[in-house]
Amino acid sequence: MGQNHTLEHIARAFALCANSSFKGVLRVEKGGKQVSVAFSEGSVVAASSQEPSDSPLRMAKVLGILSPSQLSSLVGKVKGKTSVEVAQLACEVIGEDKSPEFLAKCVQRSATRIFAYGGGTISLTPGESRDLIQSTIPALPLLVSGLRSAAPATDLHQAINADGGPFQLSRESLTKLSEFGFEESDKVLLATLRDYAVTPNQIFTALTKHGIKVQHATSVVLALSVCGMLTKEPKNADLPEFAEISSAPSMPTPSTPQAATAAKTPAVSQTRSTAAKVAPEKKKKKRSRLSKEERAEKLSKMIAEKFEIIQTDGDYFALLGVTRETSNDEMQKAYFLLARDLHPDKIKALGLDDTDRRAHKVFSQVNKAFAVLTDKEKRAHYQEVLKAGGEKAYKEQLEKAESEAMAMFEAEDQHQQGEMWIRKGRMMEAGKFFKKAVELNPTEGEHLIMYLWTEFRLARDAVASFEELDPQAQKAIEMSPNSPDCHLYRGRMAKEARKDAIARACFNKVLELEPGHQSATQELRLL
């Protein structure tokens, strides 16, 4: 397909593959980069992304299943290899126990990346594809998580607004909702879509007042829409027989007559009865034992305390007033109480001055905390952040790790340039690149041995040069004892310096590490 496609087109293509017996590959290309996702019988079975941040080595680094030394050992082997070959090399180091999880994460990351390519071109190719990383994952949960994590918010808004709504779950779709793997925090929206016809405007405004993030709401609605689960003829019948939906938390009591009317009225266009909807709010006021001034003072104090937590880089658990063992259900209760008190309408009703935007900042951070702590993976990640000493310390660690990884990759580029000049017989030029490689990654023995080799070849006295450089050559071998090149080039230096015993031992070690090594075999014949 030669034209550019929107996020909605990509989501519909993904949904089509997920909801059919299609066996083949969906590809989206944009800006010279491509994401490929293979499907079979409703599951994603393989995927690959050309985004550097989605590479298998980076995923292994993020997951913490490769040590710096292991990563360093792999960097030198992956240049020019496909993502599948890189993933296989990583699995050999990671081991059988952790490899399935690693491959699944790689496929998940690549598959969800496809939703970031709005404006790209789509193609579908039937048949198997072995040039992608293999792991089988249910497709529909990836549709939801991909829209939620990778799709730009503006693209989601455009897709929902283009449809126009109103949106309501069809009766037939309710039994299929469990296949999407929706989160606990999605239940309020699902219950609303079950009972009411909801317009895009209500999704962007009214629902967010009850703690539903716009990105979450729009991703749910778009996922359901492209799967054909939203009816164009909304009905407002109650369907209590579907226990998994009716057990979802109900929408919190609205704080204004208008919001109450929208939540209680079966259809948006029906006649409203304002007086009947105001009654519950009046009862609440009667039950309150605090005056307006006292409630305002209490809320002001709470805002100040929460703002102090934010300013001191306090954790999300403290911000929500929960413990690290608190369940998602209890977390939701705590959140809704805070969201109700911190809502702008409540602030305005109590006459609190928020010109400094403190209440707004606290409300925003509370929403963020709730979104993180009610997501299993995000919560686990956040607890790792706390262990690291907070967000700042964690970011510093990540930046350091990323910097080290980038230095390793850059060192490999320099190493390859050096090898190119060696093949041309230009030792001086080669030495400059190998020296740079050593500076970028001083723990890699192969960079050091190649730099020493160029220095050795440029020296006038082979014997004197060997005596000077061999201690560093042995250091290179200590850093990378299983590298055939380290032993090979030390052996070549020893041979030219007429240290035949050392040379023979080095070449035999190469053959021990890599039986049949052509260069080592030839060098031994010449001794």
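The values are calculated or read from the model by the stated rules, or taken from the named source; none is laboratory data. These numbers were taken from a predicted model, which means no experiment stands behind them. Positions of Cβ are generated from backbone atoms using ideal geometry, with glycine treated the same way; all protein chains shown enter the neighbour counts. Only protein heavy atoms, including side chains, enter the accessible area calculation; ligands, DNA and RNA are left aside. Shrake-Rupley method; radii C 1.70, N 1.55, O 1.52, S 1.80 Å.
Below is a table of values for the structure above.
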{"item": "Proportion of all alpha-carbon pairs of the range 447-527 beyond 20 Å (%)", "result": "24"}
{"item": "Residue 157 accessible area, 1.4 Å probe, all protein chains in place, Å² to nearest 10", "result": "60"}
{"item": "Accessible area of residue 136 in the full protein assembly, 1.4 Å probe (Å², nearest 10)", "result": "100"}
{"item": "Accessible area per residue, Å², the range 135-199 with all protein chains present, probe 1.4 Å", "result": "37"}
{"item": "Accessible surface of residue 458 - all protein chains present, 1.4 Å probe, nearest 10 Å²", "result": "80"}
{"item": "FRET efficiency estimate (nearest 0.05) - Cβ-Cβ, residue 131 to residue 324, R0 30 angstrom", "result": "0.10"}
{"item": "Counting all C-alpha pairs of the range 316-423, share separated by more than 20 Å (%)", "result": "59"}
{"item": "Equivalent ellipsoid semi-axes, the range 413-487, via Cα gyration tensor eigenvalues times 5, rooted, Å", "result": "17, 17, 10"}
{"item": "Over the range 388-527 - Rg/Rh using Cα atoms and the Kirkwood inverse-distance radius", "result": "1.08"}
{"item": "Order of exposure, largest accessible area first, which applies to 55, 110 with probe 1.4 Å", "result": "55, 110"}
{"item": "Rounded accessible area per residue of the range 396-446, 1.4 Å, Å²", "result": "60"}
{"item": "Fraction of accessible area attributable to carbon and sulfur, the range 402-441 (%, probe 1.4 Å)", "result": "52"}
{"item": "Protein accessible area in the range 1-150, 1.4 Å probe - carbon and sulfur %", "result": "50"}
